[in-house]
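The values are calculated or read from the model by the stated rules, or taken from the named source; none is laboratory data. In this text the structure is predicted, and so the values were computed from the model without any measurement. Virtual Cβ from ideal backbone geometry, glycine too; neighbours counted across all protein chains shown.
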Amino acid sequence: MPKLVVDRVSKGYRLEREGRDVLAFEEVSLAVEEGEFVAIVGPSGCGKTSLLNVVAGLLPFEGGSVAIDGRPVAGPGTDRAVVFQHPSLLPWRTVSGNVRYGMEMQRRFDRETMRERVERFVKLVGLDGFQRRYPSELSGGMQQRVNLARALACDPAVLLMDEPFAALDAQTREIMQSELLKIWAESRKTVLFITHQINEALYLADRVVVLGARPGRVKAVFDVPFGRPRLLALKRDPRFLELEDPIWRLLEVEALA
């Protein structure tokens, strides 16, 4: 059984001022295996973030079903954690305090376990020595590392990532991509990753799902044939560029639509 199954799910919104309904995405189906890294790309407005929020249990949906390990998703749960585009750290808490926060809210871990997990995941994301720093004392990339550590510390079955590097500069973004792969190689979490960047999707993922223009539908799924571990030099490999091109052409058609 796949870890995550989305089966013919749709999501609509009511535009009150215009007096009409719109579909963000329609009849979307996908399955993500245990430990698999799946990226979703698509033109702006195709429902990528809405789909991730449906899986997170943060939005209701119409028709179909969403399940984790065969259990229906009916709302937020401890089996999922979301890494949003912006870190949304608590400014009055230190790095350690922010990483501990999610565990405190779940009330699944005793004090000693939380302490151990904070230390483990702060080190895992490369912030050892910064435990007592506050968010205002960190760079954007470091804040996003705290965001990731906070999600991983809660031990979710599925990690949901919504363009987590979009607000970073190009150099930091590439560094964070490589760091994420190292962290993922150790944690082996099942990941659903939203991005606008095709080369980011291909560099990180095992499969890339392409959504069409609104209402978003699955237009194609591309298997990524490159082994792991991966280095940034892979992005300059002719085979990488050869795989990137058809995705670009497909998205160009959808964006113009």
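Tabulated results
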quantity: Any chance Glu242 is within 30 Å of Ala24 (Cα to Cα) and more than 20 Å from the chain's Cα centre (by Cα); calculated: no
quantity: Output for the stretch 11-59, where each listed residue is crowded, with 20+ Cβ neighbours inside 10 Å and assigned to a loop (DSSP other than H, G, I, E, B); calculated: Gly42, Pro43, Cys46, Gly47
quantity: Matching option when the condition is in contact (Cβ under 8 Å) with a residue 12 or more places away in the chain, of a type in the set (D, E, K, R), over 21 Å from Ser96 (Cβ atoms) and assigned by TED's automatic domain parsing to the domain that holds Asp69, among Glu174, Glu186; calculated: Glu174
quantity: The stretch 239-256, residues that are surrounded by 12 or more Cβ atoms within 10 Å (Cβ to Cβ) and over 11 Å from Ile198 (Cβ atoms); calculated: Val253, Glu254, Ala255
quantity: Evaluation of Val208 against (1) part of a strand (DSSP E or B); (2) over 16 Å from the mean Cα position of the chain (by Cα) (one fails), failing number; calculated: (2)
